[in-house]
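Visitor: First the structure, then my questions, so here it is.
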Ligand SMILES: [Zn+2]
């Protein structure tokens, strides 16, 4: 797949990939929520850890829970100079008979900050097995154990001026690169 100039890439280590899959399967059909740790350069997000939020209360808006814990996590992370909080992840699951998809809800958009990555894992049941592939829309998808997963990584393009950094458009999909997935 050709890489356009200006495209943002997201590297998911095998550990991170596994963390995302296991978190979303563990609580299925509920949705999982967690934190992404790693670092970023101007063109890339390198995700080193995907840490599920243990205090996530189902049915509560995840963002309320997040703001409580955010400061504590941030303070702890000051002891790990190589790691930053670079975003969040959460899963989408089937609602009644509507299949889960990767599109961001209004809430998801409101609560994603400029510069932050938002990984969405859409989980559906699927008996037919499919190999993992990178898709033209920059997502990756495939099956494991009767579940079909589609992972998308959103970021908000930002505009930087001397004094401030602000969003300059709707969320875009960064290209996911993961060793588990064949190109
Ligand atoms: Zn969502």
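Visitor: Within 10 Å of each residue's Cβ, count the other Cβ atoms and sort 21, 110, 102, 119 from fewest upward. Mind dumping the intermediate values first?
Guide: Working: 21 21, 110 10, 102 18, 119 25.
If I rank by nearby Cβ atoms, fewest first, I get 110, 102, 21, 119.
Visitor: Additional query: Sort 141, 129 so that the residue with the fewest other Cβ atoms within 10 Å of its own Cβ comes first and the one with the most comes last. Intermediate results must be reported in sequence, preceding the final value.
Guide: Working: 141 20, 129 11.
Ascending number of Cβ neighbours within 10 Å: 129, 141.
Visitor: Within a 10 angstrom radius of the beta carbon, how do 45, 113 rank from fewest other beta carbons to most? Walk me through the numbers before you get to the answer.
Guide: Numbers: 45 25, 113 12.
Going from least to most buried by this count: 113, 45.
Visitor: Please work out the Cα center distance from region 137-161 to region 28-56, rounded to the nearest Å.
Guide: 12
Every number here is computed from the coordinates shown, using simple stated rules; none is lab data. As the structure is a computational prediction, the values presented were derived from the model and not from experiment. For neighbour counting, all protein chains shown are included, and Cβ atoms are generated from backbone atoms with ideal geometry for every residue, glycine included.
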